[in-house]
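FYI, it's all coordinate maths here, none of it is from the lab. Keep in mind that what you see is a predicted model, and the values were worked out from it rather than measured. All Cβ positions, glycine included, derive from the backbone under ideal geometry; neighbour counts span all protein chains shown.
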Amino acid sequence: MILELLKNAKECAVALLPLIVTFFVFQLLIIKMGKMSLKRVLIGVVISYVGLVILISGLNYCYVPVAKEMGIKFAKSEYRFLIVPIGFLLGFVMTKVEPSVKVLVTNIEHASGGALKRNLLANTMAVGVGISLGLAMLKILLNISLWYIVVPGYIMIILLSFVIDEKFTAIALDAGGVTTGVMTTTFLLPLALGLAEGLPWTNTVIDGFGLIAIVAMTPIIMVMLLGAMYQSKKEAKKDE
């Protein structure tokens, strides 16, 4: 455990170092913050570093092994199809606590002047991720080709982009990016690998990977559909 913690501490330091160096270069040449502001930044860097080390260590020590073991157990169970609704529920909950999702919906609410509520956006994205995890589990259980899910989904996204407001297209595409954050990916991949490993008719490499594409896709569709609803309500008010 200690060795793993030290390893994660080193990896996090290497990951943050370029960002810190870049900041100090800009601080000396362009930004030139005052002492108090610079102090706050340095404290924030230390807190971020410690938090990142704890998060990565916790995920590797518990979250990932539990997810993989859960997948294996469900694969060997006669109630294996329960993993589909459970996948939906887990996807919904994980999205609600995903830090990047919270940052995005808060910024959207501020930028829209409160017209787009953060809870509505977060719930819409959470439903999308829930659907994607349910689809991912069903794909593995029924040995469905990834193309039969991804191709129609992205065709739908392209078609919707022509009929909804451009701002909702932009929000939706960002939604697809933030939902594939650390909470979702570190749970989905080991869960899928465990499920694929436990089923005799699946290939772990083929069926255990490629699922992040589904996770990125469904929140985009859900936010676009939300945009279409907003647009239809707006047009209905104009007609009154």
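Spatial offset of segment 77-121 relative to segment 14-42 amounts to 33 Å, using the alpha carbon center of each. Per residue, the chain reaches -27000 deg cm²/dmol at 222 nm when only DSSP H runs of four or more residues are counted, each adding -39500 (n - 2.57).
Values [x] 165; [y] 123; [z] 139 are given for comparison; volume of the Cα convex hull per residue in Å³, derived from the coordinates here, is the one labelled [x].
Taking Cβ atoms as reference points and 12 Å as the exclusive limit, the residues near Ile86 contribute a net charge of +2, counting Lys and Arg as +1 and Asp and Glu as -1. Among residues other than Val215 with Cβ under 13 Å from its Cβ, the summed charge is 0 (Lys and Arg +1, Asp and Glu -1). Going from the fewest other Cβ atoms within 10 Å to the most, the residues Glu98, Glu78, Glu109 appear in the order Glu78, Glu109, Glu98.
Report the net charge of residues surrounding Leu195, where surrounding means a beta-carbon distance below 14 angstrom and charges are Lys +1, Arg +1, Asp -1, Glu -1.
On the way: positive: Lys68, Lys73, Lys76, Arg80, Lys139; negative: Glu69, Glu197, Asp207.
Taking every other residue near Leu195 into account, the sum is +2.
Rounded to the nearest 20 debye, the dipole magnitude of segment 1-63 is 340 debye, with +1 charges on Lys and Arg beta carbons, -1 on Asp and Glu beta carbons, and the Cα centre as origin. What you get for the chain, charging only the Cβ of Lys and Arg (+1) and of Asp and Glu (-1), is a dipole of about 700 debye around the Cα centre. Mean sequence separation of contacting Cα pairs (under 8 Å, at least six apart), scaled by the length of segment 77-235, corresponds to a relative contact order of 32 percent.
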